[in-house]
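> Next up is a structure, given as structure tokens.
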Amino acid sequence: MLALALHHGWPTKGYHEAGHPVQRRSRQVLAHWADLPETSVKDGVDGCGVLTFAIPLRSLALAYARLAVSREPAPQRITQAMMAHPYLVAGQGRPCTALMRAYPGRVLAKVGAEGVYGAVLLEQRLGIGLKVEDGHTWASVVALWAVLEQLGLDPPPRLKEPLFAEVPLRNTRGETVGALRASGKLSFV
């Protein structure tokens, strides 16, 4: 965001606030990729204090699918950069980094705020938008692993990256007292 401000000669002060040109441009670009009118992209604030946007999950999935299959140079560079350098997407030990390393050139994924994940199966040109209602980050990871498996990702993520397929729950003494597991099946309407 700061690089965008500097590139356009916009002030960096307040770049995270709704009225700043960086945020107006971010809303415009998101609306384009999600195929939404700008006025339907709602404001929110995530844990780091930066303005974030709320869109329907279908639109999130569409935006990821469109990004990954675009023939435009900028989206192609972004997709290629994420795939070539997954560590820079989220960091060491992070699920989306591990997923992209496990399936190079096949899966692109990025965690969002409060239990949100966006992903795309590149070969299938299929975007995924996922939100765990209560915002539980690790529940969204387990859910993403299950969704990818049910969509036929081979080998299944639970075999390729088992640390994220089932997440242990520990008490205050560090003892394992349960686990987060996905249950249920996808249904398409």
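The values are calculated or read from the model by the stated rules, or taken from the named source; none is laboratory data. None of the values given here were measured: they were computed from a predicted structure. Note: ideal-geometry Cβ built from the backbone for every residue, glycine included; neighbour counts use all protein chains shown.
> How many residues does segment 78-125 hold that are farther than 28 Å from GLY44 by Cα and surrounded by fewer than 16 Cβ atoms within 10 Å (Cβ to Cβ)?
So the answer is 9.
> So is ALA90 among the hydrophobic types (A, V, I, L, M, F, W, C), assigned to a loop (DSSP other than H, G, I, E, B) and either more than 16 Å from the chain's Cα centre (by Cα) or within 30 Å of PHE188 (Cβ to Cβ) (or both) or not?
For ALA90, the condition - among the hydrophobic types (A, V, I, L, M, F, W, C), assigned to a loop (DSSP other than H, G, I, E, B) and either more than 16 Å from the chain's Cα centre (by Cα) or within 30 Å of PHE188 (Cβ to Cβ) (or both) - is met.
> Going residue by residue through segment 27-49, is there one that turns out to be surrounded by 15 or more Cβ atoms within 10 Å (Cβ to Cβ), in a helix (DSSP H, G or I) and of a type in the set (Lys, Arg)?
Yes, segment 27-49 contains a residue that is surrounded by 15 or more Cβ atoms within 10 Å (Cβ to Cβ), in a helix (DSSP H, G or I) and of a type in the set (Lys, Arg).
> Another question, then. For segment 105-117, state whether one or more residues are under 13 Å from the mean Cα position of the chain (by Cα) and assigned to a helix (DSSP H, G or I).
no
> Same structure, new question: Which of (1) free of Cβ contacts under 8 Å to residues at least 40 places away in the same chain; (2) part of a helix (DSSP H, G or I) is the odd one out, the single condition PHE53 does not satisfy?
For PHE53, the exception is condition (2).
> Which residue, of GLY115, GLY105, is over 27 Å from GLY49 (Cα atoms) and either free of Cβ contacts under 8 Å to residues at least 60 places away in the same chain or charged (D, E, K, R) (or both)?
GLY105
> Is it the case, given these coordinates, that ALA146 is without any contact (Cβ under 8 Å) to a residue 60 or more places away in the chain and either buried (at least 18 other Cβ atoms within 10 Å of the Cβ) or of a type in the set (A, V, I, L, M, F, W, C) (or both)?
yes
> Moving on to the next point. Kindly indicate whether any position in segment 77-84 is over 23 Å from LEU153 (Cα atoms) and out of contact with any Asp or Glu (no Cβ under 6 Å at 6 or more places or on another chain).
Yes - at least one qualifying residue is present in segment 77-84.
> Among the numbered criteria (1) crowded, with 20+ Cβ neighbours inside 10 Å; (2) in contact (Cβ under 8 Å) with a residue 60 or more places away in the chain, which single criterion is violated by ALA68?
The one condition ALA68 does not meet is (2).
> Kindly indicate the residue of segment 149-178 that is modelled with pLDDT under 95, outside any loop (DSSP other than H, G, I, E, B) and among the aliphatic types (A, V, I, L, M) and also surrounded by the most Cβ atoms within 10 Å (Cβ to Cβ) among those meeting that condition.
VAL167
> Taking the condition of being surrounded by 12 or more Cβ atoms within 10 Å (Cβ to Cβ), over 20 Å from the mean Cα position of the chain (by Cα) and outside any helix (DSSP H, G or I), how many residues in segment 13-26 meet it?
So the count comes out to 4.
> Let me ask something additional. With the condition kept exactly as written, say whether any residue in segment 71-84 is part of a helix (DSSP H, G or I), acidic (Asp, Glu), out of contact with any strand residue (DSSP E or B) (no Cβ under 7 Å at 6 or more places or on another chain) and more than 25 Å from THR137 (Cβ to Cβ).
Checked against the condition, which is being part of a helix (DSSP H, G or I), acidic (Asp, Glu), out of contact with any strand residue (DSSP E or B) (no Cβ under 7 Å at 6 or more places or on another chain) and more than 25 Å from THR137 (Cβ to Cβ), segment 71-84 yields no hits at all.
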